[in-house]
Structure formats: structure tokens, C-alpha cells
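Following: one structure in C-alpha cells, then a few remarks.
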Amino acid sequence: MIQQAEIKIKQIRELKNITQEFVAQKLGLSTRAYSKIESGETQLTINRLNEISEALGVGSMEVLGFDDKQVFNNCKQDGYIGINHINIPDKLIQQYEETIQSLKEQIQLMKLLQDK
């Protein structure tokens, strides 16, 4: 039996904003039957894990290795629940900023060429 996989499946499905109805339809199941998989009422097999992973657009190993703490960190402060995203490395931010600047320059050049 695969332990905690049903929780990980639900978390991934919710993060991808996919409904239980959608996954159930892809699997040829009723929504209630699929719901039982996510709640742990129905035992999850390797074959079913592979089918669900495919419906979610992720690999089955990604599901098994999924750690919600790596994606977001829920914190509760003064009764407010917020999401603190993982810090993005400075080098990655710099690369994105350089790409954005390059694209802006390309847009300006295209506008100049268009005006001619």
C-alpha cells in the first residue's frame, strides 16, 4: 500500500486547480469513487496512481515525492492565514529581470520598425 499518496494527490490537484470531477471523468470513475481514493477510503494501487498522475499531468514519482512544504508554507498570524512563498534565489531573479529588460528592448525596436 502507498502511504500518504492520497494526501499528496489531493494537494497537487488543488494546486493545479483541477476538480475531482475532472480527474474522475479522466479515470472513468464517479466523483464519489474518486473522492474515496483521495480520502483514503479506497486503497490506492500503483496502476491507479499512474492513471491519476497522468490525469494531473505529473509523473507518479513526482506525486510520491511531493512535499507541500517545498511549495508553500502556511502560517497563521493574528487569526489570518497567509501563504509565504519559498525564497527565489537571487541569481534566478536576476536572470528573469535580464530577460524582461531584453524583451522590453525588443518591443521598443519592433515599435520603431513598425513606425517606419
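The values are calculated or read from the model by the stated rules, or taken from the named source; none is laboratory data. Just so you know, these numbers come straight off a predicted model, no measurement behind them. Quick reminder, even Gly has a Cβ in these numbers, built from the backbone with ideal geometry, and neighbours come from all protein chains shown. To get the accessible areas, we keep the full protein, side chains included, count just its heavy atoms, and leave off ligands, DNA and RNA. Shrake-Rupley method; radii C 1.70, N 1.55, O 1.52, S 1.80 Å.
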Next on the checklist: Report every pair of residues separated by at least 6 positions or lying on different chains whose Cβ atoms are under 8 Å apart, first residue within segment 7-35 and of a type in the set (D, E, K, R), second open to solvent by less than 50 Å² (accessible area, probe 1.4 Å) and outside any helix (DSSP H, G or I).
Outcome noted: Lys8/Phe66
Checklist outcome for this item: Of the residues in segment 1-29, those that are modelled with pLDDT under 95 and among the small types (Gly, Ala, Ser) come to Ala5
Checklist entry - Hey, among the residues in segment 2-48 that are at positive phi and open to solvent by 90 Å² or more (accessible area, probe 1.4 Å), which one's nearest to the chain's Cα centre (by Cα)? => result Asn17
Checklist outcome for this item: Residues of segment 19-57 being closer than 15 Å to Glu6 by Cβ, in contact with a helix residue (DSSP H, G or I) (Cβ under 9 Å, 6 or more places away or on another chain) and in a loop (DSSP other than H, G, I, E, B), in sequence order, are Leu29, Gly40, Glu41, Thr42, Gln43, Leu44
